[in-house]
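The values are calculated or read from the model by the stated rules, or taken from the named source; none is laboratory data. Quantities reported herein were computed from a predicted structural model and do not represent experimental measurements. Ideal geometry is used to build each Cβ from the backbone, glycine not excepted, and the neighbour counts take in all protein chains shown.
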Amino acid sequence: MRRVAWVLGWALLFPGSVRAQHAPRTEMSIGSSYLRAPRVGAGANPHRGIVSVPGNLTGRSALAGDGVPLAEPIALKISSGTLYGTLELPAGKPPFPVALIIAGSGHTDRDGNSATPQGKLNNNSNKMLAEALAARGIASLRYDKRGVGESAKAITKVEDTRFDDLIEDAVAWGKQLRSDRRFGPLVLLGHSEGSLIGMVASRQLAANGFVSIAGSGKPAGQIIREQLKPLPPELMKQAEEIIKGLEEGRTTENIPPSLPSSVKVLFRPSVQPYEISWFKYDPAKEIAKLKMPVLILQGSTDIQVSVEHAKLLANANPSAKLVIIEGMNHVLKEVPADPGKQLRSYSDPALPVSPQLVNEITGFIRPLK
């Protein structure tokens, strides 16, 4: 499993002295794209409040009353640029229940495809999920996060980006859907890092339901500690001091030169403000605050997030429904634990998403009012 974990790991965390084969089966893609993105331009600082405007729908009528599902582009203006997404509409007459699909960490686009140093991993997991839901009468909106895909220019300075920006973006999309007469109950559906974003946004929106797929049950700082355990004790002590400082809201310019370059880039000064804003959230505490119906889904063959995380979330919210989907991996495909098959599935757009995943989500959303 060494090669699989190394390729799929966040920011290639273990290419040097820290060995990937020792990485625990926890969230491997722990960071957002901003943690390793270069500065993409100067200008006004990213906003601290998002103004939602109607999406720019183009093409055929979005009423979807002609008997066929319909996918249309949609856009959301924010003060730092424009976010772009896809609105998937079922056949039939509105109003439709609607799911806001929030992608996972890193350079993962609206369709679930990720850009890595080795090339793009095209699996179309989110696209397939959206299409499957549309076939069952459920609309959805999936979008490129700021700094990713078509929304790449929605970041001005990485130094000014915060995890809360991602939450605010999700809330803004949710408000836009809520204002659209074609849609009824609003459900936020977060995958991987998108799970935490969705938890907080669901509470702010008073959404009708929330779905977590492969969401972490531990704070980011704790996950990073687990991933850095293979470091020698002295280096681990240095990393621990940085992590603790970030958890306490303190940045540092003093990154020990003895740390491996792959670890130093994790704590570079430009991303520390983002990490501070991210580390303050504990997924278990956030999901415990939710009063709406909650569905927690986790694949048994996920090599990035273990079943332990789903159980932590479920324990924090006893009213939530927990479903472990046998044989489903992190990209929502039915794949055995074999490392080679796991790796290939991340770049196989022909492999369908788990039917049970679609059935569970459909059964959860349909009764909501």
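Note down all Cβ pairs under 6 Å where the first residue falls in segment 213-242 and is among the hydroxyl-bearing types (Ser, Thr, Tyr), the second is surrounded by 19 or more Cβ atoms within 10 Å (Cβ to Cβ) and part of a helix (DSSP H, G or I), and they're at least six residues apart or on different chains.
Cβ pairs passing all conditions: 216/283; 216/309.
In the list 270, 306, 300, 216, which residue meets the criterion of being over 26 Å from residue 126 (Cα atoms) and of a type in the set (Ser, Thr, Tyr)?
Going through 270, 306, 300, 216 in turn, the sole match is 270.
Which residues, counting only those in segment 108-153, are among the aliphatic types (A, V, I, L, M) and at pLDDT 95 or above?
Across segment 108-153, the qualifying residues are 128, 129, 130, 132, 133, 134, 135, 138, 139, 141.
Looking at residue 275, is it touching a Lys or Arg at 6+ places or on another chain (Cβ under 9 Å), modelled with pLDDT of 95 or more and assigned to a helix (DSSP H, G or I)?
No; evaluated as a whole, the condition is false for this residue.
Among the residues in segment 333-352, are any outside the structural domain of residue 188 (by TED's automatic domain parsing), over 20 Å from the mean Cα position of the chain (by Cα) and under 30 Å from residue 267 (Cβ atoms)?
yes
With the structure loaded, tell me whether residue 136 is of a type in the set (Lys, Arg), within 26 Å of residue 270 (Cβ to Cβ) and in contact (Cβ under 8 Å) with a residue 24 or more places away in the chain or whether it fails that test.
Spelling it out, it is not the case that residue 136 is of a type in the set (Lys, Arg), within 26 Å of residue 270 (Cβ to Cβ) and in contact (Cβ under 8 Å) with a residue 24 or more places away in the chain.
Being touching a strand residue (DSSP E or B) at 6+ places or on another chain (Cβ under 8 Å), touching a residue at least 12 places away in the same chain (Cβ under 8 Å) and assigned by TED's automatic domain parsing to the domain that holds residue 74: is that true of residue 167 here?
When the stated conditions are applied, residue 167 does not pass them.
Give the residues of segment 200-218 that are in contact with a Lys or Arg (Cβ under 8 Å, 6 or more places away or on another chain) and either closer than 22 Å to residue 330 by Cβ or of a type outside the set (A, V, I, L, M) (or both), sorted by residue number.
203, 208, 217
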